[in-house]
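Here's the structure, in structure tokens; my notes come after.
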Amino acid sequence: MSAAVSGQAAGTPPAAVPFYAPVGDEVALFEHAFRNRLPLLLKGPTGCGKTRFVAHMAARLGRRLYTVACHDDLTAADLTGRYLLKGGDTVWVDGPLTRAVREGAICYLDEVVEARKDVTVVLHPLTDDRRVLPLERTGELLEAPPGFMLVVSYNPGYQNVLKGLKPSTRQRFLALDFGFPPPDAETAIVSQESGLPRDRCVPLVRLAGALRDLKGQDLEEGVSTRLLVYCATLIAGGMKPAQAIRAAMIEPLSDEPDVKQALLRVAEITL
Ligand code: ADP
């Protein structure tokens, strides 16, 4: 099983810093964590800007970024590496975490609680003052250089008792609570990302707020900033708002006809 990895081009720091609108003191906290060689945990719902924030910070700090979308089949070997057969030879191939440690890059493990339990075993020695990655298979003990940083995220909303991060793991990280941006900030973000004028984004953000208030009743998750950007992008591209709202802000939230009807009613009242 291979990990889903996206790394920016090797060798040079990323050229452009991706747009990220700060909503609090998260930029300063990240910089302090990086300078003090401390790992960081980002908590928050899906689509609220965690991945964008990490990409922005990596570029700002001139570090390469390895992003791994964790899933329930992801094992420690997917992160550290494994021996592979290449042209009759068996060669060791570094996984994304090992590459990040060797290169002094930032490694971002998105939805880390989804991964298999053996992943925590490799994370523990990297997240205390040892900052080492033992590679049992090759016999190496890699010391993380100052440029290495581990960032993990998880969505507390999804977790059940079994899947939550164990205190022994979470207490190794500085933590940052990510929520959806406040309405003014979210309007600016949606407008910037979609190209739709701000005044036309205002009602969409208001609707997102109303739909988020329903979370926990019939909905597991409220509308994400990502979905709002999709909706505004469709409208900016010429789609009728009612159609765009249905496709981007109603249908993705539920499969239940009754719930969808209720959401549509909320949309009619709010807009
Ligand atoms: P997460 O990692 O939390 O699931 P993302 O970082 O992928 O979410 O955010 C989804 C989208 O929302 C981004 O692609 C971006 O368009 C937008 N977004 C959310 N918050 C911000 C922000 N503070 N600044 C800029 N864009 C944002």
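The values are calculated or read from the model by the stated rules, or taken from the named source; none is laboratory data. Predicted model only: the values in this text are computed from it and were never measured. Don't worry about glycine lacking a Cβ; one is built from the backbone with ideal geometry, like all the others, and counts go over all protein chains shown.
Does at least one position in the stretch 63-84 carry a residue that is touching a Ser or Thr at 6+ places or on another chain (Cβ under 6 Å), under 27 Å from E140 (Cα atoms) and assigned to a loop (DSSP other than H, G, I, E, B)? No, because not a single residue in the stretch 63-84 is touching a Ser or Thr at 6+ places or on another chain (Cβ under 6 Å), under 27 Å from E140 (Cα atoms) and assigned to a loop (DSSP other than H, G, I, E, B). Of the residues making up the stretch 23-38, those that are part of a loop (DSSP other than H, G, I, E, B), at pLDDT 95 or above and surrounded by 13 or more Cβ atoms within 10 Å (Cβ to Cβ) are R37, L38.
The set of residues in the stretch 168-217 that are charged (D, E, K, R), at pLDDT below 95 and closer than 25 Å to M239 by Cβ contains only R212.
Restricting attention to the stretch 60-76, does a residue exist that is touching a Lys or Arg at 6+ places or on another chain (Cβ under 6 Å) and within 12 Å of the ligand (Cβ to nearest atom)? No, the stretch 60-76 contains no residue that is touching a Lys or Arg at 6+ places or on another chain (Cβ under 6 Å) and within 12 Å of the ligand (Cβ to nearest atom).
Contact map, the stretch 187-198: residues that are in contact (Cβ under 8 Å) with a residue 24 or more places away in the chain and hydrophobic (A, V, I, L, M, F, W, C) paired with residues that are part of a loop (DSSP other than H, G, I, E, B) and within 12 Å of the ligand (Cβ to nearest atom), Cβ distance under 7 Å, separation 6+ or inter-chain. Pairs shown: A188/A21; I189/A21; I189/P181.
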